[in-house]
Amino acid sequence: MTEGRGLDGTTRERVLDFLLRFNIAFKIAKVYEANNRLFLEQIEPLFGSLAIIIHTEGEASLALRQNALFFNQVRLDFDLANYQNLRALAAEFTARGIGALTFREGLTVEETGRLVALLAGLDPDEPEPFARLQQALDPRLFPHIALEKEAAVLDEIKPEQDAAKLYFLGILMLREVFEKQRRKAPLGLNLLRRWVQSLAPLLAENEPFLFGLTAIKNFEGYVPNHGVNTAVLSLALGRRLGLKRRELLDLGVGALLHDLGTLEVSPGLLDKPSALSADERRSMERQLRLGAQRMLPAKSGLPIPVKAFEIAIEHRLRIDLANLPIEVHRTSLHLFGRLVKITDAYDALTTRRVYRPTAFAPGEALALMRAKCGEEFDPILFKAFAAMLGPYPVGSLVALDTGELAVVWESNPQSAFAARPRVKLITDADGKRLDGPETSLTAADPKTRKFRRSIVLSLDPGRYGVRTADYFLRKAR
Amino acid sequence: MDTKAGPNDASIEAVKDIALTFANAIGMLKIFPADHSSVAALRRDLWAKLSGFLGARGELALEIGETAFLCEGQTVFEDKNLLKSLPYVFFKDGMVKLSFRGGLEESEFLDFLGLVKADALLPAEDGDIVSGLWEREFPHIGYETAVDYLEAKTPAPDRKPWDAPIDTAAFSRGRIDLTSEDMAAVMKAGLTIGMKDGAEILNPADLTAPLGKKEVQFIGSLIDIERAIPAEKEFLDLFFELLTLEDRPASIATMLQFISCHHDDLLKKGDFGHAALLLAQMDALKTAAARSAPAKSRDVDQIERRIRESVSLSALKEQARAGRMDDPTGFFLYLDRIGGRAIPLAADLFEEMQDGLVRSADFAFLKEIGRRNLDALTGLLRDGLPFLCKGIIAILVQMNDRKAIPAFDRFKNYRDKSIRLEAVQALAAMEDPLAAKILQGFAADADPEVRETVRRGLERKP
């Protein structure tokens, strides 16, 4: 399959339109019967959209590979406008074990409707969903549709192992970079770029796992761990925004190095166990910004990491520029500066610090940050960030209305169900710890038609001695 | 097409030939410009061999050794000199396999060659071919890297945290009892997020509502704006912002030294537009700091002057002749920043350069010189430089300034007839009586065509 330069503009638009219609029809089919007018009204345009593609492309094949969707062998790149849609569809494929779905010439509107109803009606939580699907896919009823099973993941390949290793290597590398910088040695940007480049595909493959690892805090000290967490979150947000690979490399390296200026700050100020005065804060922010000089290449002719420079200078500036030094004239912040300001603040708030022995729970941090949108943070980028994490970000410790406690395992790609992620139960209703199952909070009791479990509160895991990242790290063993 | 067939002697020989041509092509590209005839011939040869191989076999996979390329375990190329070894360019960055697949197009392959050449020219520690390949996303060129490359490059930790055991038994040991504070919050919260210290209670759905269409468009426009800003401009803006804030003399000195070298790098690259911007920013900083930080202002002034004075005009001329400039406007903006000593260079180039864009930018530059200082412009006039003289005549006409008219008098004695004729035509078109008076001075010109033009011109005068 092509890791691609992508589809041409028209084809891409047609495919995205088809996928959007497919998703809508799919959602409606989950609620209404196949003969319902509302459902039938969705099938007509879906079929129309599909028919055009089949006519121009010969066939329409949608495949899922390593969490990425491919159309006729070409990977579908996403951006902010279609991210949710593609994610949701990929999740439905995964839940049913579908590897590829192909529509061929001769397809009819009835056949299309039958397929959507069949897919939506299949309970993915029951065992062997793909086998049941295949059994139901009678070739006489579906002569122009073919299904393929999701490729089996070989036992010995554990992407989590690579991701966990890379995560910790990032921290160790960054610690080394800071150590070298203390001695004014070169930054070694190539290695950092390579780290970002290695992380990006893993993020595409298993974002929830890496989000879960960002619950690791203060490993090998605050700064390197914080730099890696900020980079993970920034890259994830950058991907959603549709940034190109070159831009992601710049963003990742900049996020890793955003706090290089801490080397300029006097330790007394950096580790002050109480809140800083206004003067101290100003002084620290000034020193942090000036620390960006450390990124200037020592050798003439070497490329300058402009975006990293930008991030180091801007990530402490408020979006309303109220803390802009009087000598400086500028009217706005650059995109990466705005973005890393958000990811930096979020990770800092959810980390225990010398001056703040209790970390904010992820949901609390988001709520605090939202209150400062427009002043501290770009409100729209923040909204994209919050939508990415969901109200209960992966790795959060949450209390359920059943009395159980759980760790948030994976966010729900359907924005309407953002508050209903997948969770892993870690206590029973009585508070007894258990290595419980993973479960979706969208699961409902068929008798009462009410959700089985709902989150009522986000908790500080540190307060209860729960190392949420350990649950994720176990997957890497 | 059979992609899975093992190698036979013929195909191994073909791969050897391709690998050798590949190494030779990169070697030549490192020395000569891409449009050099030998390079072009070698590149064509390489492409013909590679595309022929892919057409017949579907894929070419090279395993990467430290100084050798291998195919199916057999060495197909070797160069043990690490300084110029092509396999080492890939090996040093942890690549273990490089493959070309059917469907590869010539343009894609040429991009790839450009990338390899750029990396091969860098010192080993400064390049990373793997990141470059990932970034470019070549659809028909694949690669594999050593799994442990980054680990090998990272200083060995005392322990490997990714392998540290996890106490999974603790997952089901003991109990967790909520604090009374959290318990109260649980009771109160229902389906809301609890906030500390009596802060507002938020509905989770409010907190993470999806973006609306206009918000998505806003972010799209933010990205577009960002992509439109040249990286060099952004860098200079940020750099001078930092220099504005910097008040430590040692750091100021280091930064000024850096920017001086950076200026030279820009000139080498032919990026005169940004070199001009750099000098303009220095000038602005010098002025802004004059009162608040006079010592800093003096330092900036000293470096700026040193930069301007050390620029070699003959080198600039050579660069312009060779076309090594980002754009002509940037070049002349830069000459403007260099000051008065660069004006004769602009005059020389106006006479010499045939390129319309260069001449047009030069014209605008000379016009601006004339607007600021008429004598400086007319001082450039020389007999025997017809393009320059005609250009200056056109500028003088466009200036529509009475003070410019006396300058025409000097053309009377020029030997170049075409210049005299141009001057006469310009004077004839002017309505000012002073123009008529100077035009009369050409009436006794030795050339009948000039005299006739003068006569007709004077007839039209009141």
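The values are calculated or read from the model by the stated rules, or taken from the named source; none is laboratory data. Computed from a prediction, not measured in an experiment: that's the story for all the values here. Glycine also receives a Cβ, built like all others from the backbone with ideal geometry; neighbour counts cover every protein chain displayed.
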Original post:
How many residues does the stretch A:292-329 contain that are more than 7 Å from chain B (Cβ to nearest Cβ), more than 23 Å from B:ASP126 (Cβ to Cβ) and more than 28 Å from the chain's Cα centre (by Cα)?
Top reply: 6
Original post:
What's the number of the condition A:CYS373 fails, among (1) among the hydrophobic types (A, V, I, L, M, F, W, C); (2) at pLDDT 95 or above; (3) surrounded by 21 or more Cβ atoms within 10 Å (Cβ to Cβ)?
Top reply: (3)
Original post:
Among (1) farther than 15 Å from B:ALA346 by Cβ; (2) in contact with a Leu (Cβ under 7 Å, 6 or more places away or on another chain), which single condition is B:GLY391 missing?
Top reply: (1)
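May I ask you to verify whether B:SER180 is at pLDDT 90 or above, within 30 Å of A:GLY462 (Cα to Cα) and more than 7 Å from chain A (Cβ to nearest Cβ)?
Working: at pLDDT 90 or above: yes; within 30 Å of A:GLY462 (Cα to Cα): yes; more than 7 Å from chain A (Cβ to nearest Cβ): yes.
Against the criterion (at pLDDT 90 or above, within 30 Å of A:GLY462 (Cα to Cα) and more than 7 Å from chain A (Cβ to nearest Cβ)), B:SER180 qualifies.
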Original post:
Does any residue in the stretch B:293-310 that is farther than 16 Å from A:GLU327 by Cβ come within less than 6 Å, Cβ to Cβ, of a residue that is among the hydroxyl-bearing types (Ser, Thr, Tyr) six or more places away or on a different chain, and which pairs are these?
Top reply: B:ILE303/B:SER260; B:ILE307/B:SER260
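Identify, from the list B:LYS49, B:LYS16, the residue that is in contact (Cβ under 8 Å) with a residue 24 or more places away in the chain, farther than 25 Å from B:GLY127 by Cα, touching an Asp or Glu at 6+ places or on another chain (Cβ under 7 Å) and not polar (S, T, N, Q).
Values: B:LYS16 fails: touching an Asp or Glu at 6+ places or on another chain (Cβ under 7 Å).
Answer to the selection: B:LYS49.
Would you please name the residue that is surrounded by the fewest Cβ atoms within 10 Å (Cβ to Cβ), looking only at residues in the stretch A:408-422 that are among the hydrophobic types (A, V, I, L, M, F, W, C) and more than 10 Å from chain B (Cβ to nearest Cβ)?
Filtering the stretch A:408-422 down to residues among the hydrophobic types (A, V, I, L, M, F, W, C) leaves A:408-409, A:416-419.
If we keep only those that are more than 10 Å from chain B (Cβ to nearest Cβ) too, we end up with A:408-409.
Working: A:VAL408: 30, A:TRP409: 23.
If we take residues in the stretch A:408-422 being among the hydrophobic types (A, V, I, L, M, F, W, C) and more than 10 Å from chain B (Cβ to nearest Cβ), then A:TRP409 is surrounded by the fewest Cβ atoms within 10 Å (Cβ to Cβ).
Check every one of the helices (runs of 4 or more DSSP H) wholly within the stretch A:229-337 and list those with 3 or more residues that are of a type in the set (Gly, Ala, Ser), assigned by TED's automatic domain parsing to the domain that holds A:GLU176 and under 20 Å from B:ALA231 (Cβ atoms). Walk me through it before giving the result.
Values: elements: A:245-256, A:267-270, A:278-290, A:306-314.
Per the criteria, A:245-256.
From the list A:ALA151, A:ALA164, which one is of a type outside the set (Ser, Thr, Tyr) and modelled with pLDDT of 85 or more?
Details: A:ALA151 fails: modelled with pLDDT of 85 or more.
Exactly one residue qualifies, and that residue is A:ALA164.
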Subject >> Which listed residue, of B:LEU242, B:LEU238, B:LEU222, B:LEU211, is facing chain A (nearest Cβ under 9 Å) and not in a helix (DSSP H, G or I) >> reply: B:LEU211
**OP:** Answer yes or no as to whether A:ALA469 is crowded, with 19+ Cβ neighbours inside 10 Å, within 7 Å of chain B (Cβ to nearest Cβ) and of a type outside the set (Val, Ile, Thr).
**Re:** no
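Let me confirm something: among B:ASP79, B:ASP111, B:ASP126, which residue is surrounded by fewer than 20 Cβ atoms within 10 Å (Cβ to Cβ), in the same structural domain as B:ILE26 (by TED's automatic domain parsing) and free of Cβ contacts under 8 Å to residues at least 24 places away in the same chain?
Working: B:ASP79 fails: free of Cβ contacts under 8 Å to residues at least 24 places away in the same chain; B:ASP111 fails: free of Cβ contacts under 8 Å to residues at least 24 places away in the same chain.
Exactly one residue qualifies, and that residue is B:ASP126.
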**OP:** Would you check if there is a residue in the stretch B:219-230 being over 30 Å from A:TYR83 (Cβ atoms) and of a type in the set (D, E, K, R)?
**Re:** no
Original post:
Which condition number in (1) of a type in the set (Gly, Ala, Ser); (2) more than 7 Å from chain A (Cβ to nearest Cβ); (3) under 18 Å from B:ALA295 (Cα atoms) is the one that B:SER251 fails?
Top reply: (2)
Original post:
Is it the case that some residue within the stretch A:268-287 is within 29 Å of the chain's Cα centre (by Cα) and either crowded, with 20+ Cβ neighbours inside 10 Å or within 12 Å of another protein chain (Cβ to nearest Cβ) (or both)?
Top reply: no
**OP:** Starting from residues that are touching a strand residue (DSSP E or B) at 6+ places or on another chain (Cβ under 8 Å) and not aliphatic (A, V, I, L, M), keep the ones in the stretch A:319-344 and report whichever is surrounded by the most Cβ atoms within 10 Å (Cβ to Cβ).
**Re:** A:LYS341
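This table checks each residue for (1) in contact with a Cys (Cβ under 8 Å, 6 or more places away or on another chain); (2) in a loop (DSSP other than H, G, I, E, B); (3) at the interface with another protein chain (Cβ under 8 Å from one of its Cβ atoms); (4) at pLDDT 95 or above.
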position: B:ASN81; (1), (2), (3), (4): no, yes, no, no
position: B:VAL96; (1), (2), (3), (4): no, no, no, no
position: B:LEU104; (1), (2), (3), (4): no, yes, no, no
position: B:GLY127; (1), (2), (3), (4): no, yes, yes, no
position: B:SER131; (1), (2), (3), (4): no, no, yes, no
position: B:PRO139; (1), (2), (3), (4): no, yes, yes, no
position: B:VAL147; (1), (2), (3), (4): no, yes, yes, no
position: B:ARG159; (1), (2), (3), (4): no, yes, no, no
Subject >> Residue match in the stretch A:186-198 (condition: at the interface with chain B (Cβ under 10 Å from one of its Cβ atoms) and not in a helix (DSSP H, G or I)) >> reply: yes
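Determine whether B:ILE303 is in a helix (DSSP H, G or I), within 14 Å of chain A (Cβ to nearest Cβ) and at negative phi.
Details: in a helix (DSSP H, G or I): yes; within 14 Å of chain A (Cβ to nearest Cβ): no; at negative phi: yes.
Considered against the rule, which asks whether it is in a helix (DSSP H, G or I), within 14 Å of chain A (Cβ to nearest Cβ) and at negative phi, B:ILE303 comes out as no.
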Original post:
Given (1) over 16 Å from the mean Cα position of the chain (by Cα); (2) within 12 Å of chain B (Cβ to nearest Cβ), where does A:ALA444 come up short, assuming only one miss?
Top reply: (2)
Subject >> Search result, residues across the stretch A:228-257 that are within 14 Å of another protein chain (Cβ to nearest Cβ) and not aliphatic (A, V, I, L, M) >> reply: A:GLY238, A:ARG239, A:ARG240, A:GLY242, A:LYS244, A:ARG245, A:ARG246, A:GLU247, A:ASP250, A:GLY252, A:GLY254
Original post:
Can you pull out the residues in the stretch A:201-215 that are out of contact with any Pro (no Cβ under 9 Å at 6 or more places or on another chain) and crowded, with 19+ Cβ neighbours inside 10 Å?
Top reply: A:LEU203, A:GLU207, A:LEU210, A:GLY212, A:LEU213
Original post:
Just one of the numbered conditions (1) out of contact with any Gly (no Cβ under 9 Å at 6 or more places or on another chain); (2) part of a helix (DSSP H, G or I); (3) surrounded by 18 or more Cβ atoms within 10 Å (Cβ to Cβ) is not true of B:ALA120; which one?
Top reply: (1)
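Can you go through A:LEU107, A:LEU20 and tell me which one is buried (at least 20 other Cβ atoms within 10 Å of the Cβ) and either hydrophobic (A, V, I, L, M, F, W, C) or closer than 24 Å to A:PRO139 by Cβ (or both)? Show your work before the answer.
Working: A:LEU20 fails: buried (at least 20 other Cβ atoms within 10 Å of the Cβ).
The match here is A:LEU107.
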Original post:
Any idea which residue in the stretch A:297-328 is nearest to B:THR287 (Cα to Cα), counting only those that are modelled with pLDDT of 90 or more and out of contact with any Leu (no Cβ under 9 Å at 6 or more places or on another chain)?
Top reply: A:ALA322
**OP:** At least 2 residues that are within 22 Å of the chain's Cα centre (by Cα) in each: list the helices (runs of 4 or more DSSP H) lying fully within the stretch B:321-375 that qualify.
**Re:** B:328-338, B:356-372
